[in-house]
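Everything below concerns the one structure shown next.
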Amino acid sequence: MVDLAPRPRRRDARDNRDKVLTAARRRFAADGLDASLNAVARDAGVSIGTLYNHFPTRDELIDETQLDRVEESVRSAEAALRAADPWTGLVQHLTTMAELQATDRGFTDVCVRPLPEGSRIQQTKQRGQVLFHELIARVQAAGTLRPDVDVTDIGLLLWSVVRATEGVRQQAPDAWRRHVAILLDGLRTAAAHPLPGRPLDHDILRVAMESGR
């Protein structure tokens, strides 16, 4: 009788896969999701053919290397919704999101780039987006977040803080913290002045972020 059960990966194959994942995480963090896969293979000490044997598409490699970061952001949103004080929860979540983006360009790209529907990372990302909407609604209902801001306002502001401090990342790696603090003060109801215009449409924001990444 023929044994059709899948055979365990050879140890060298498992080692090569782990090396590719480690190298890809580092490259994506430094260069974003469009990082050269040839560079990833070189960093891992394997051929580009070996990389593609394990991960036939870039999307599969992204799904494998970025899922833990997206899951971390979801856990942050869940913790924020459990916080006794809604404003404290929002501050903690936005600070966590800014830190993840400031230290990992790949995660920044994940936040603004549509990924394959049905992939684990896209499903997790969508879960995080639902939680973020719930969080914003909760803090506004508590009266501590100004009522005239939208989820798109906050998303764009946070993204702009991270992008604006990229140029000084080497000299001042924590510069983003000061700018997030300024952002948070501007979101407080007590500091609010009437805003001109309307929030950006979600689709307009998505296109802007994708083109500017």
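The values are calculated or read from the model by the stated rules, or taken from the named source; none is laboratory data. Given the structure is predicted, the values throughout are model-derived calculations rather than measurements. When we count neighbours, we look across all protein chains shown, and the Cβ atoms used for this are built from the backbone with ideal geometry, even at glycine. Heavy atoms of the whole protein, side chains included, go into the accessibility calculation; ligands, DNA and RNA do not. Shrake-Rupley method; radii C 1.70, N 1.55, O 1.52, S 1.80 Å.
Using 0.36 nm times the number of residues separating residue 119 and residue 31, minus their current alpha carbon distance, what extension gain do you get? Intermediate values should be presented prior to the final figure.
Working: separation 88, 0.36 × 88 = 31.68 nm, distance 2.25 nm.
Using 0.36 nm per residue and subtracting the Cα-Cα distance, I get 29.4 nm.
Within the chain, which complete DSSP H helices have Cα atoms spanning at least 18 Å along the helix axis and a mean Kyte-Doolittle hydropathy of -1.0 or higher?
58-82, 86-103, 120-142, 151-164, 175-187
Given contacts defined as C-alpha pairs under 8 Å and at least six residues apart, what's the relative contact order of segment 1-93, whole-number percent? Numbers along the way, then the final one.
Values: 53 pairs, mean separation 19.4, N = 93.
Reported relative contact order: 21 percent.
Determine the relative contact order of the chain: mean sequence separation of Cα pairs under 8 Å and six or more apart, normalised by residue count, in whole percent.
Numbers: 204 pairs, mean separation 41.8, N = 213.
For the chain, the relative contact order is 20 percent.
Please list the non-local residues whose amide H lies under 5 Å from the amide H of residue 145, H modeled 1.01 Å from N, same-chain partners needing a gap of 5 or more.
HN-HN under 5 Å from residue 145: 140, 189.
Can you compute the modelled spin-label distance between residue 12 and residue 42, with each label point 7 Å from Cα toward Cβ, in nm?
2.4
Using a 1.4 angstrom probe, figure out how much accessible area the chain has per residue, in square angstrom, rounded to the nearest whole. Walk me through the intermediate numbers first.
Working: 11940 Å² over 213 residues.
Result: 56 Å² of accessible area for each residue.
Roughly how many percent of the accessible protein surface of the chain is carbon and sulfur, given a 1.4 Å probe and a whole-percent answer?
Working: 6200 of 11940 Å².
Roughly 52 percent of what the probe reaches on the chain is carbon or sulfur.
Based on Cβ point charges of +1 for Lys and Arg and -1 for Asp and Glu, what charge dipole magnitude is obtained for segment 32-164 about its Cα centre, in debye rounded to the nearest 20?
Details: 13 positive and 19 negative charges, 19 e Å.
Around 80 debye, computed over segment 32-164.
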